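Input: a single structure, listed below in structure tokens.
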Amino acid sequence: MNETPLSTAPPSRQDLLLQDKLIEDIVGQSARMDDLARQLIALQLAVPGLYATALKLVAGDKGTVFSDVWLWLTFACWGMALALALIALTPRNYRVDRNRLSADEENGKGPLSIEGYFRRSASDKRRLLLPSCGLFFAGICCAVATLL
């Protein structure tokens, strides 16, 4: 056994700054997902309204819009996308062990650590917002198909 002491040094200012920025990023992910959800909701409310107005203008006062499967699919996709974005903004309850700062949460059972809470919250929102974006884009594609 080697009994010479290990040389140590306090973390450098750069190391401390990097650690702080990492922690801020982990904590801020959930807030960024909330901002994205708010933007998506605004967009997902505006575009169908503009589309419906454009359809009414094209049809005229006495005209009717031909209701085919593409039109129904368009509004169904937009409705589901809006629902997912709203669910992402809805607060959820997580069991958190306030005495554990960080730990691996691989099994999904038991309370989360504090770091695990921030990670899980952001990933749950991301899991809802990605399909919301996909459905919104699918709705736009269906809207274009309605015009063809």
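Being in contact (Cβ under 8 Å) with a residue 12 or more places away in the chain, assigned to a loop (DSSP other than H, G, I, E, B), surrounded by 10 or more Cβ atoms within 10 Å (Cβ to Cβ) and of a type outside the set (Asp, Glu) is the requirement here; does residue 92 meet it? Yes: the conditions hold for residue 92. Within region 1-56, if we keep just the residues that are in a helix (DSSP H, G or I) and of a type in the set (S, T, N, Q), the residue that is surrounded by the fewest Cβ atoms within 10 Å (Cβ to Cβ) turns out to be 14. Look at residue 98 and say whether it is of a type in the set (Lys, Arg) and in a loop (DSSP other than H, G, I, E, B). Criteria met by residue 98.
Any read-out appearing in this document is the output of simple, stated calculations on the displayed coordinates, not a laboratory observation. This one's a predicted model, so the numbers in the text were calculated from it and none came from an experiment. Cβ coordinates were reconstructed from backbone atoms using ideal geometry, including for glycine residues, and neighbour counts include every protein chain displayed.
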